[in-house]
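Novice: Mind having a look at this structure? Questions to follow.
The values are calculated or read from the model by the stated rules, or taken from the named source; none is laboratory data. Because the structure is a prediction, the values reported are computed rather than measured. Positions of Cβ are generated from backbone atoms using ideal geometry, with glycine treated the same way; all protein chains shown enter the neighbour counts.
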Amino acid sequence: MLETEGKLQAELARGIEGLQAVGNVESLEAWKQEFLGKSSLVMQTYGSMAKLAKEERPVIGKAVNQLKVGLEAALAEKEEGIKTASQQETFTKETLDVTLPGRKPRRGRIHPLHLTLRQIYKIFADMGFQIYRSPEVETDDFNFTFLNIPPYHPARDMWDTFYTDKEGVVLRTHTSPGQVRVMRERAPENIRVILPGTTMRYEQLTARSEIEFIQVELLVVGKGITFADMRGTLNDFARRTFGENARTRLRPSFFPFTEPSAEMDVQCFVCGGEGCGVCKGTGWLEILGCGMVHPTVLRYGGYDPEVYSGFAAGMGIDRSTLMRYHIDDIRHFRNNDIRFLEQF
Amino acid sequence: MKAPLSWIKDYINLDGIGIEELANILTNVGLEVESVQLVGVEKPEGKLKNKYFGLPWDKEKFVVAEVVEVNQHPNADRLSLCELNDGMGIVTVLTGAPNMFPHLGKGRLEQPLKVAYAREGSMLYDGHQPGQVVTKLKKTTIRGVESRSMICSEKELGISEEHEGVIELDADAPVGMPLVDYMGDVVYEVAILPNMARDASILGIARELSAALGRPLRLPEEPTLEKGGAIEEKIGLEVKNTELNPRFMLGMVEGTQARKSPYWVQRRLSLAGMRPIDALVDATNYTMLEIGQPLHAFDYDLLRERAGGKPTIITRTAHEGEKIALLDGSEPQLDTQMELVTDTVGPLSIAGVMGGGETGVHAETRNLLIESANWNFINLRKTLSKTRINSEAAYRFSRDVHPELAETALSLCLKRVQEWGGGEVVQGVLDDYGKPYVDTVNRISAQNIAEVLGQEISLEESIGILERLGFTCWIEGNELVAKSPATRTDIETGIIGQRNLIEEISRVYGYERIAAKRLSDELPPQLGNPDLEAEERIRDILVSIGLQDTLAYRQTSPEREARLFIGRKAPAGLAYVRLKNPITPERTVMRRSAMATMLELLEYNTKFRPGLALFELGPVFLPVADEILPHEALRLSIGLTGAWDVASWDRPQSKAMDFFDLKGVVEALLDGLHLEGVRFQATAHPSFHPGKCAEVRVGEEILGVMGELHPQVRKNYAFGQDPVLVAEFDGEALVRLSNAVFTNKAISSYPAMVEDIALIVDESVPAEDLEALIWQAGGKLLVDVKLFDVYRDARLGESKKSLAYQLTYQAFDRTLNDKDALNIRNRIVKQTKNTFGAVLRSS
Ligand SMILES: [Zn+2]
């Protein structure tokens, strides 16, 4: 009995030792046959258990079990090691040149001017402004007369207008006609709206000037609206658009539909006011025209100028988008050259 | 308006104010400085916000000199040799200037000629090259005579383009003085806003500076004019319509000469952008630039000759068919709206616009009649819109001139004609002031000002500003009363007049001094922007699929849109919004078709990329009968062509897109918008392949049409081989039918059963109808139907097709078993058999 036990213990030591020489799947298979296969000591011992004396069985049984568990544990460890090694080999074979270019998915993009519009919508929405849109083909009355620009008024020279073959119908030269339209719709409620849209002026088509362009106006009407409110609102807009530290200045200007009127400049965001090509060396960029709504316009809109006041401001977003991305030609926006659009 | 600094300084003391600072002050009061021309003066130092150009005159090199003798060049007829004293000695200078010839060979000149002299090494503009090319004056030898220096023309100094002769300075110019000290200048080019036309004059600009700086204005000395008198014997005057001609004045100078003006006058005119002519014309132009009141000069003797005796000036509207030949040689069509200055014979000038060539000043003019008038600016603008004449006079009159200025201008002009041209002023003037202008009076309180500006400005400060602008002011109670100056017509009355005053006060006070506040009034009702949000959702969905957003020109031409049709033949009678003044023949109307725009965008871009997927959302313009304005209908167009995938280094380009790629995009869009009950139906459309075209419907409403471009239409464009796929949708319908909110479907936690069936049906059975029936027959346990194969084979039978579907069954309350599946399948097989004669294809 002792002899058998001793043999079994020696078998374990032999097995573990034999396993050390195993380096691949084939030799591991051979080892398995030798130590755990049908003709292995373990299996033969199990097979001859019935022939053993009754009192020997538990002792030998326990010993052979220990041997089996020991061999199997050693095997499992070896198998894991061999697997890791062979996987490592595979990894090496599969290694990519990660600097090769990726496969380009088709990516859609929003048009740059629509991106700018969305940014403006967002900023003004935060300040409680809603969006109001009005026709691009307008009557002369809404485009001019109701905005305090009667026929033959010198101020009409400010806009090079496209006329249609229908008397009294023009392509709107600005989004301002929407001012009177929204006032007539909302009077006597307070108004806080922005008026975005395409406008058209008779100009030469060059890298710097377009016949069609997008404007955004804002209009505030209420009781006790002041020039100081206008300045505050526009400063907030400038800071949201050009950064917290954006500096602005107001210069006197003239628009028939506002009085007093002003032009707002923002310190050049490219050079920080030092002077560069974008600001033509002046350090300032003209971004919008503004002013207190003219009493005549309020009246045309259905508001009593003795009771209500308001301010309006307007900006062309083509030009500001041009500056923002250093775009060399304003016509890119509507030519829709895919090589241009893909960059956004 | 170009304003020489030396001239502005006649009216205001600008000591201690730098060149750059002055430009900024002008901009800040509303006279935006567009550029600053430096005439001989050095560019200011430091950081400059304004645009500068011009040439400095080196003090050592450019000086005032005098020519004491002019001799003939020994070897050249057209050149002369001038003996010149430059303050350091006598030098010989070679010149070809024609204005030196009269002095040739006269020996020592009794009256030496003062000139602008440039020494060797000077940097100046090349007189022989067009434009302004800077060159260095070097020693040369011309026909055997050495030349190191030169006598300058205006062009070489950057004063004007004049290079015919050299400058002859005024006799009192001090010899040896650096030229820049004698006549260096700075010219501010300012933009005149439409409501500040009064500042289209040097005095107007000086008045703004006076208000801004708080320094007094020095008005030019203006002799008082007597009305009537001796002049009445020389000329008669008749104004037919005082509405059109509120004031007309005439003055006269006898025995004058159309000789050259003093050089300082010529220089100022040149710098201000007007060509000096002679003393008489210069006097009218100089006074106009100074005051802002245009004047016109007639040769009196020519008028007398025409009339055959004492002439009478008559202002009236033109008669039908009347003609006039203007100074510039043009002969505009006159009509009965146009105001004219005439005599008893016929038209002399178009009032306030341009004079006739026949009676103008010429070299031999001795007796000069000067017109100083005021014209109705609205009527004048009508004339201008028809004749399209540009003149300095028309520019000012068309912006409304105060009638009071007519008198000031006439007085100053008469004085100058006499000073510069000689002669005697005829005693008295004629003045028909039929419509005296009443200057407005406004009252305003400190509270009025604060209510508009949100900033307190005291009445005292306001009075100071207004008075410096020429208003007459006084206080009554707590109100400031301001009478408008007799130079301005832009100040109205009532609430508008108050606003006009507030603008004047605030712009001079300084917008920068008005503190910013945040809006504190009550927010209006918050209405939301549902339409715009739906449009932006359309953009976002299409972009998320991989399509490029674009922005279209509104303007196109019917010819461009006709390319949509075979043989470029659009159906007759398409109504367009047509432009009266198109900018090019390619843009004569507002577009009707978004599809036409999309095809142009695809055509333009195919050469740049192997595959394109674009969309555009924007209006088309459809005229509506009996409506003034067209219907601006929102359209969505989608265009695809070429391969969807971009080829990569290890994977080839995918196949060119076809109808079903477009349909997939459309389905994804409509799905994303949560439209319900969408159907695709084969249809015919002139632009599309007859077998590859569908309309998209919801119920009875047609949302849009889509398909592959008709091969015959394709020929109208420069496309390659790949199919061109386009869809056009009614954007308003998409917006209206889209649902921002929808009911989310629950997801079952029980396993689903999947099985495939193939049904054989006639070719004529639409896939869509068969699928609809499968859904209906399947009942609520059928949760998905996916067509995965369409198979055609002779063994299936004549005109038969087999459609293979993958069906998914699932319940929310239990795990389905084979019996459930069998039941559903049997229902589907039975009902499709009954309706379409479908046969289950055994595998
Ligand atoms: Zn800059």
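Novice: Among strands (runs of 3 or more DSSP E) lying entirely in the range B:638-737, which contain 1 or more residues that are on the phi < 0 side of the Ramachandran plot and loosely packed, with under 14 Cβ neighbours inside 10 Å? Let's see the steps before the verdict.
Specialist: Numbers: elements: B:678-682, B:688-698, B:701-709, B:724-730.
In the range B:638-737, the matching strands (runs of 3 or more DSSP E) lie at B:678-682, B:688-698, B:701-709.
Novice: So residue B:118 passes all but one of these: (1) away from chain A (no Cβ under 14 Å); (2) surrounded by fewer than 18 Cβ atoms within 10 Å (Cβ to Cβ). Which condition number does it fail?
Specialist: Unmet for residue B:118, out of (1) away from chain A (no Cβ under 14 Å); (2) surrounded by fewer than 18 Cβ atoms within 10 Å (Cβ to Cβ): (2).
Novice: Looking only at the range A:204-224, count every residue that is over 19 Å from residue A:187 (Cα atoms) and within 12 Å of chain B (Cβ to nearest Cβ) and tell me the total.
Specialist: Going through the range A:204-224, the residues over 19 Å from residue A:187 (Cα atoms) turn out to be A:204-216.
Filter again for within 12 Å of chain B (Cβ to nearest Cβ), leaving A:204-206, A:209-214.
Summing the residues that are over 19 Å from residue A:187 (Cα atoms) and within 12 Å of chain B (Cβ to nearest Cβ) in the range A:204-224 gives 9.
Novice: It is to be established whether one or more residues within the range B:533-544 are among the hydrophobic types (A, V, I, L, M, F, W, C) and more than 11 Å from chain A (Cβ to nearest Cβ). Before you say what the answer is, go through the steps one by one.
Specialist: Within the range B:533-544, the subset among the hydrophobic types (A, V, I, L, M, F, W, C) is B:534, B:538, B:541-543.
Going one step further and asking which of them are more than 11 Å from chain A (Cβ to nearest Cβ), we end up with B:534, B:538.
The answer is yes, given that some residue of the range B:533-544 is among the hydrophobic types (A, V, I, L, M, F, W, C) and more than 11 Å from chain A (Cβ to nearest Cβ).
Novice: Do any residues in the range B:829-843 that are part of a helix (DSSP H, G or I) have Cβ atoms under 8 Å from those of residues that are small (Gly, Ala, Ser), where the two are at least six apart or on different chains, and which pairs are they?
Specialist: Final answer for the pair search is B:829/B:838; B:830/B:777; B:831/B:777; B:832/B:777; B:832/B:838.
Novice: Now a separate question. How about the range A:92-134: which of its residues are of a type in the set (D, E, K, R) and in a helix (DSSP H, G or I)? I'd like the intermediate steps shown before the answer.
Specialist: So in the range A:92-134, the residues of a type in the set (D, E, K, R) come out as A:93-94, A:97, A:103-104, A:106-107, A:109, A:118, A:122, A:126, A:133.
Matches in the range A:92-134: A:93, A:94, A:118, A:122, A:126.
Novice: Residues to consider are B:302, B:280, B:326; find the one that is surrounded by fewer than 23 Cβ atoms within 10 Å (Cβ to Cβ), within 30 Å of residue B:204 (Cβ to Cβ) and in contact (Cβ under 8 Å) with a residue 40 or more places away in the chain.
Specialist: Numbers: B:302 fails: within 30 Å of residue B:204 (Cβ to Cβ); B:280 fails: surrounded by fewer than 23 Cβ atoms within 10 Å (Cβ to Cβ).
The conditions single out B:326.
Novice: Among the residues of the range A:243-278, write down those that are within 8 Å of the ligand (Cβ to nearest atom) and either polar (S, T, N, Q) or facing chain B (nearest Cβ under 9 Å) (or both).
Specialist: A:273, A:274, A:275 - these are the residues of the range A:243-278 that are within 8 Å of the ligand (Cβ to nearest atom) and either polar (S, T, N, Q) or facing chain B (nearest Cβ under 9 Å) (or both).
Novice: Another question, if that's okay. Tell me, yes or no, whether the range B:88-102 has at least one residue that is part of a helix (DSSP H, G or I) and in contact with a strand residue (DSSP E or B) (Cβ under 8 Å, 6 or more places away or on another chain). Talk me through it step by step, then tell me what you get.
Specialist: Initially, the range B:88-102 is screened for residues part of a helix (DSSP H, G or I), giving B:98-102.
With in contact with a strand residue (DSSP E or B) (Cβ under 8 Å, 6 or more places away or on another chain) added as a condition, the list becomes B:100-101.
Yes: one or more hits.
Novice: Quick check on my filter: what residues within the range A:162-186 are away from chain B (no Cβ under 11 Å) and under 26 Å from residue B:522 (Cβ atoms)?
Specialist: Within the range A:162-186, A:175, A:176, A:178, A:179, A:180, A:181, A:183, A:184 qualify.
Novice: Separate question: Which count do you get for residues in the range A:298-344 that are surrounded by 20 or more Cβ atoms within 10 Å (Cβ to Cβ), of a type in the set (S, T, N, Q) and more than 30 Å from residue A:180 (Cα to Cα)?
Specialist: 1
Novice: Considering only residues of the range B:419-442 that are within 37 Å of the chain's Cα centre (by Cα) and in a strand (DSSP E or B), which is farthest from residue A:227 (Cα to Cα)? Full working, then the answer.
Specialist: From the range B:419-442, those within 37 Å of the chain's Cα centre (by Cα) are B:435-442; that's our starting set.
Within this subset, residues satisfying the condition of being in a strand (DSSP E or B) are B:441-442.
Values: B:441: 24, B:442: 21 Å.
Applying the filter and picking the extreme gives B:441.
Novice: How many residues are free of Cβ contacts under 8 Å to residues at least 40 places away in the same chain and small (Gly, Ala, Ser) when one looks only at the range B:112-127?
Specialist: Matching residues across the range B:112-127 total 1.
Novice: A further question on this structure: Scan the range A:226-238 and give yes if some residue there is polar (S, T, N, Q), outside any helix (DSSP H, G or I) and either more than 10 Å from chain B (Cβ to nearest Cβ) or more than 16 Å from the ligand (Cβ to nearest atom) (or both), otherwise no.
Specialist: Kept after step one, since they are polar (S, T, N, Q), are these residues of the range A:226-238: A:226, A:233, A:235.
Now drop any that are not outside any helix (DSSP H, G or I), which leaves A:226.
With either more than 10 Å from chain B (Cβ to nearest Cβ) or more than 16 Å from the ligand (Cβ to nearest atom) (or both) added as a condition, the list becomes A:226.
For the range A:226-238, residues polar (S, T, N, Q), outside any helix (DSSP H, G or I) and either more than 10 Å from chain B (Cβ to nearest Cβ) or more than 16 Å from the ligand (Cβ to nearest atom) (or both): present.
Novice: Determine which member of the set B:622, B:574 is assigned by TED's automatic domain parsing to the domain that holds residue B:728 and at pLDDT 95 or above. Give the derivation first.
Specialist: Numbers: B:574 fails: at pLDDT 95 or above.
Answer to the selection: B:622.
Novice: Sticking with this one: Would you tally the residues in the range A:286-300 being more than 23 Å from residue B:50 (Cβ to Cβ) and either within 9 Å of chain B (Cβ to nearest Cβ) or within 16 Å of the ligand (Cβ to nearest atom) (or both)?
Specialist: Selection size over the range A:286-300: 5.
Novice: So, one more: Among (1) among the polar types (S, T, N, Q); (2) over 20 Å from residue B:672 (Cα atoms); (3) more than 43 Å from the chain's Cα centre (by Cα), there is one condition residue B:744 misses while meeting the rest; what is its number?
Specialist: (2)
Novice: Go through the range A:302-339 residue by residue and tally those that are more than 14 Å from every other protein chain (Cβ to nearest Cβ) and either more than 25 Å from the chain's Cα centre (by Cα) or under 18 Å from residue A:184 (Cβ atoms) (or both).
Specialist: Final tally of qualifying residues: 2.
Novice: Would you be able to say whether some residue in the range A:118-139 is at the interface with another protein chain (Cβ under 7 Å from one of its Cβ atoms) and more than 40 Å from the chain's Cα centre (by Cα)?
Specialist: no
Novice: Checking the conditions here, which among B:552, B:575, B:534, B:570 is in a loop (DSSP other than H, G, I, E, B), in contact (Cβ under 8 Å) with a residue 40 or more places away in the chain and either at positive phi or surrounded by 14 or more Cβ atoms within 10 Å (Cβ to Cβ) (or both)? Full working, then the answer.
Specialist: On the way: B:575 fails: either at positive phi or surrounded by 14 or more Cβ atoms within 10 Å (Cβ to Cβ) (or both); B:534 fails: in a loop (DSSP other than H, G, I, E, B); B:570 fails: in contact (Cβ under 8 Å) with a residue 40 or more places away in the chain.
Among B:552, B:575, B:534, B:570, only B:552 is in a loop (DSSP other than H, G, I, E, B), in contact (Cβ under 8 Å) with a residue 40 or more places away in the chain and either at positive phi or surrounded by 14 or more Cβ atoms within 10 Å (Cβ to Cβ) (or both).
Novice: Give me a count of the residues in the range B:325-374 that are over 21 Å from residue B:301 (Cβ atoms) and aliphatic (A, V, I, L, M).
Specialist: Residues meeting the conditions: 8.
Novice: Specify the residue that is farthest from residue B:722 (Cα to Cα); the eligible residues are those in the range B:628-666 that are within 12 Å of chain A (Cβ to nearest Cβ) and of a type in the set (Asp, Glu).
Specialist: This residue is B:632.
Novice: Kindly indicate whether residue A:305 is away from the ligand (no atom under 16 Å from the Cβ), touching a Leu at 6+ places or on another chain (Cβ under 6 Å) and not aliphatic (A, V, I, L, M). Please lay out each step first, then the result.
Specialist: Numbers: away from the ligand (no atom under 16 Å from the Cβ): yes; touching a Leu at 6+ places or on another chain (Cβ under 6 Å): yes; not aliphatic (A, V, I, L, M): yes.
So residue A:305 passes the test.
Novice: Output the number of residues of the range B:597-637 satisfying the condition of being in a loop (DSSP other than H, G, I, E, B) and farther than 30 Å from residue A:168 by Cα. Give the steps one after another, and end with the answer.
Specialist: Pass one, the range B:597-637, residues in a loop (DSSP other than H, G, I, E, B): B:606-610, B:623-630.
If we keep only those that are farther than 30 Å from residue A:168 by Cα too, we end up with B:606-610.
So the count comes out to 5.
Novice: In addition: Within the range B:510-531, take every residue that is within 30 Å of the chain's Cα centre (by Cα) and on the phi < 0 side of the Ramachandran plot and give me the one that is nearest to the other protein chains (Cβ to nearest Cβ). Don't jump to the end; show me each part of the working.
Specialist: Step one: of the range B:510-531, the residues within 30 Å of the chain's Cα centre (by Cα) are B:510-512.
If we keep only those that are on the phi < 0 side of the Ramachandran plot as well, we get B:511-512.
Details: B:511: 4, B:512: 6 Å.
For the range B:510-531, the residue satisfying everything is B:511.
Novice: Can you name the condition, by its number, that residue A:283 falls short on among (1) modelled with pLDDT of 95 or more; (2) within 16 Å of the ligand (Cβ to nearest atom)?
Specialist: (1)
Novice: From the set of residues in the range B:36-72 that are within 25 Å of residue B:152 (Cα to Cα) and among the small types (Gly, Ala, Ser), which is nearest to the other protein chains (Cβ to nearest Cβ)?
Specialist: Restricting to residues being within 25 Å of residue B:152 (Cα to Cα) and among the small types (Gly, Ala, Ser), the top hit is B:54.
Novice: Please verify whether residue A:337 is within 16 Å of the ligand (Cβ to nearest atom) and either at pLDDT 90 or above or touching a helix residue (DSSP H, G or I) at 6+ places or on another chain (Cβ under 9 Å) (or both), treating the condition exactly as stated. Lay out the reasoning, then the answer.
Specialist: Working: within 16 Å of the ligand (Cβ to nearest atom): no; either at pLDDT 90 or above or touching a helix residue (DSSP H, G or I) at 6+ places or on another chain (Cβ under 9 Å) (or both): yes.
So residue A:337 fails the test.
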